[in-house]
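*Asks:* This is the structure I have questions about; it appears just below.
The values are calculated or read from the model by the stated rules, or taken from the named source; none is laboratory data. Just so it is clear, the model here is predicted, and its values are computed rather than measured. As a convention, Cβ positions derive from the backbone with ideal geometry for all residues, glycine included, and neighbour counts pool all protein chains shown.
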Amino acid sequence: MLKRTLACVSAMALLLLSLTGCGNKPANIATFDGGEIPAGVYILNEYNQYVNFMNYTGQSSLSTKITEEETLEEVILSDALLSMKNYAAVETECKRLGIELSEEELNGIKGEAKKLYSDNKELYEGKGIGLSSVEKTGISNTLSMKLLDKLYGEGGEMEVSLEEKNKFLNDTYRKAVVIDIALRDEEGNLLEGDKKEEAKKNAKAEFEAIANGEKSFMEVFKDVNGKRGVEVPSDAEAKTYTTLITAEDTRFAHDFVVNLFSDGEKTYDKPEIYEAEGSTYIYMLYDVTENNFAEILGSNLIFEMKQKDFSDYLTKKSEEINLVFDEGALKTYGIKNIADR
């Protein structure tokens with residue numbers, strides 16, 4: 001799972017920064033037809049994965065086992081090499097398809113890069129990274145998304161249809177507004193005995209009041225949230241407070257989430273109730289595809305759907321461009337030599 005997370009992070013980044021001012025050390029870690037991969041692209045890819053791992057686990061040892069066969073160091077190496085292949089392929093494919101950045105886009109990237117560099121100057125200088133490297137990062141990221149749109153967007157070589165997008169949304173998400181009536185005391189402890197039964201009874205009474213038209217859904221929503229100190233405007237509509245829920249969502253009781261994703265016909269725009277151990281949920285489901293939601297999400301949805309396919313596509317393309325790695329440079333800039341520098 002963690003390996004997949006690290007790979008996802010590096011694939012989404014496609015990054016990173018080129019190294020400057022390193023004396024006689026290799027300036028590039030690879031060359032390919034018409035281009036090169038700066039050493040800093042490799043270094044920062046490794047380092048970002050390392051930092052993400054530390055933030056995620058609180059551990060920093062490169063010998064930590066990520067799988068039965070691989071240590072953190074080995075996972076970072078394999079993921080970094082994959083990202084380097086993708087990096088080279090993005091540049092090559094953008095040239096093939098005539099994908100370029102506008103002057104406005106370039107100026108925006110330079111502005112963001114200047115701020116990013118300023119905010120992290122001590123770190124970047126310690127690693128030997130210049131401002132131009134940060135600019136290259138932004139350019140690579142933007143070109144990558146443009147390439148993704150070109151390939152999978154409308155009219156692309158591998159266009160994703162609206163039907164495919166809507167199916168993905170229906171399979172991946174539930175759109176709901178949820179009233180979470182906690183069956184816990186003020187200190188977060190589960191209620192027991194008569195107190196629990198009384199709380200469940202009150203929650204069910206609130207649901208029945210909604211179902212019978214004695215109260216509106218939003219009246220109960222406002223009241224429950226008000227008791228938690230969350231103010232809800234009196235004229236607010238339920239859809240204003242909808243949330244997208246995935247099958248792995250941890251904000252709600254696990255059995256409630258499983259119930260939302262169970263097979264069977266779904267009822268939309270109608271109050272429902274579900275009793276979990278620590279909460280009673282009064283909720284309404286909405287059609288996640290309504291109001292052209294897939295089109296609103298645009299390239300972000302395409303990326304979510306096709307990131308693995310896109311990475312595989314780039315890796316395949318990298319095999320067609322005579323990509324040659326400098327083994328000495330890879331050893332020089334291994335994560336062991338970078339992590340504490």
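*Asks:* If we scan the stretch 184-207, do we find a residue that is buried (at least 16 other Cβ atoms within 10 Å of the Cβ), under 31 Å from the mean Cα position of the chain (by Cα) and touching a residue at least 60 places away in the same chain (Cβ under 8 Å)?
*Replies:* no
*Asks:* Now, a different point. Give me the residue from the stretch 165-200 that is over 21 Å from Thr250 (Cβ atoms) and of a type in the set (A, V, I, L, M) and, out of that set, modelled with the highest pLDDT.
*Replies:* Ala199
*Asks:* If the Cβ limit is 7 Å and pairs must be 6+ apart or interchain, which residue in the stretch 226-239 that is closer than 22 Å to Ala182 by Cα pairs with which residue that is basic (Lys, Arg)?
*Replies:* These pairs meet every condition: Val232/Lys222.
*Asks:* If a residue must be in contact with a helix residue (DSSP H, G or I) (Cβ under 6 Å, 6 or more places away or on another chain) and not polar (S, T, N, Q), how many such residues does the stretch 311-328 contain?
*Replies:* Total meeting the criteria: 4.
*Asks:* Just to be sure I understand, how many residues within the stretch 119-150 are surrounded by 20 or more Cβ atoms within 10 Å (Cβ to Cβ), assigned to a helix (DSSP H, G or I) and modelled with pLDDT under 80?
*Replies:* Result for the stretch 119-150: 4.
*Asks:* May I pose another question? Could you please give the count of residues in the stretch 317-337 that are more than 12 Å from Thr92 (Cα to Cα) and under 26 Å from the mean Cα position of the chain (by Cα)?
*Replies:* 1
*Asks:* Can you name the residue in the stretch 220-242 that is surrounded by 15 or more Cβ atoms within 10 Å (Cβ to Cβ) and part of a helix (DSSP H, G or I) and, of all such residues, is farthest from the chain's Cα centre (by Cα)?
*Replies:* Looking at the filtered set, the residue picked out is Val220.
Table: residues versus (1) touching a residue at least 12 places away in the same chain (Cβ under 8 Å); (2) in a helix (DSSP H, G or I); (3) farther than 22 Å from Leu330 by Cβ; (4) not basic (Lys, Arg).
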residue: Asn45; (1), (2), (3), (4): yes, yes, no, yes
residue: Val51; (1), (2), (3), (4): no, yes, no, yes
residue: Leu62; (1), (2), (3), (4): yes, no, no, yes
residue: Thr92; (1), (2), (3), (4): yes, yes, no, yes
residue: Arg96; (1), (2), (3), (4): no, yes, yes, no
residue: Leu106; (1), (2), (3), (4): yes, yes, yes, yes
residue: Ala113; (1), (2), (3), (4): yes, yes, yes, yes
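*Asks:* Please determine, by comparing only the residues of the stretch 69-90 that are of a type outside the set (A, V, I, L, M) and out of contact with any Ser or Thr (no Cβ under 8 Å at 6 or more places or on another chain), which one is nearest to Met145 (Cα to Cα).
*Replies:* Ser78
*Asks:* Filter the strands (runs of 3 or more DSSP E) completely within the stretch 243-341 down to those with at least 3 residues that are among the hydroxyl-bearing types (Ser, Thr, Tyr).
*Replies:* 279-286
*Asks:* Got a sec? Which of Val51, Val9 is at pLDDT below 90, crowded, with 17+ Cβ neighbours inside 10 Å and farther than 18 Å from Ile139 by Cβ?
*Replies:* None of the other options fit; the residue is Val9.
Conditions tested, residue by residue: (1) modelled with pLDDT of 95 or more; (2) on the phi < 0 side of the Ramachandran plot; (3) among the β-branched types (Val, Ile, Thr); (4) touching a Lys or Arg at 6+ places or on another chain (Cβ under 8 Å).
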position	(1), (2), (3), (4)
Ser262	no, yes, no, no
Thr267	no, yes, yes, no
Ala276	no, yes, no, no
Tyr283	yes, yes, no, no
Asp309	yes, yes, no, no
Tyr313	yes, yes, no, no
Phe325	yes, yes, no, no
Lys336	no, yes, no, no
Ala339	no, yes, no, no
